[in-house]
Amino acid sequence: MTEPKTISELMKLVMEECKKGNINNSIIYLNEAIEIEPNDARFYISRGCFKGTESHEDAIEDYTKAIEIEPNNVFAYRLRGDSKRKLGDYQGAINDYSKAIEIYPNKAYLYNYRASAKRKLGDNEGADEDDRKAEKLKNIF
């Protein structure tokens with residue numbers, strides 16, 4: 001068997017391994033893709049998603065790298081916020097969700113995620129405000 005050489009071949013293998021539940025193999029193929037295209041944030045985001053199944057700290061590293069590459073990548077901020085929230089870093093999660101909202105202010109779910117983190121910090125008033133904003137957006141779109 002020849003080694004994959006192209007990004008599209010590697011991504012096909014990532015998906016095949018993912019469907020089989022072979023997360024570690026998916027990560028290996030994403031590592032190869034990153035070697036070929038080290039400035040493509042999508043690969044770091046994808047790898048972060050896989051790593052997050054076992055280590056939110058490792059996932060945060062990949063999301064942070066994606067943000068360094070694409071400072072306005074709403075998905076990287078949202079996913080990093082999710083990992084921080086799962087680790088109990090609620091203020092860090094709020095900061096990331098706020099940045100995602102700054103980039104994409106019309107996504108209701110971002111306000112819901114931020115509201116959840118705010119509640120964990122006891123900011124019920126701020127959380128309620130975010131929930132109201134999310135509800136308003138859901139009704140508009």
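What follows is calculated from the coordinates using simple rules that are stated; it is not laboratory data. Not measured: the values here are computed from a predicted model. For neighbour counting, all protein chains shown are included, and Cβ atoms are generated from backbone atoms with ideal geometry for every residue, glycine included.
Details
- Residues of type aspartates and glutamates that LYS120 reaches as a straight line, Cα spacing below 19 Å, ignoring anything fewer than 8 places off in the same chain: ASP82, ASP89, ASP96, ASP128, GLU129, ASP130, ASP131
- Cleavage-rule hits, GluC sites (Glu not before Pro), segment 37-138, DSSP coil, Cβ neighbours within 10 Å at most 14: GLU54
- Hits among lysines - C-alpha to C-alpha of LYS136 under 22 Å, sequence gap 8 or more where chains match: LYS99, LYS107, LYS118
- Relative to the longest principal axis of the Cα atoms of the chain, helix 90-103 runs at roughly 80 degrees.
- For the chain, the convex hull drawn through the C-alpha positions has a volume of 112 cubic angstrom per residue.
- Structure-based [θ]222 nm, the chain - -39500 (n - 2.57) summed over DSSP H runs of at least 4, per residue, nearest 500: -25000 deg cm²/dmol
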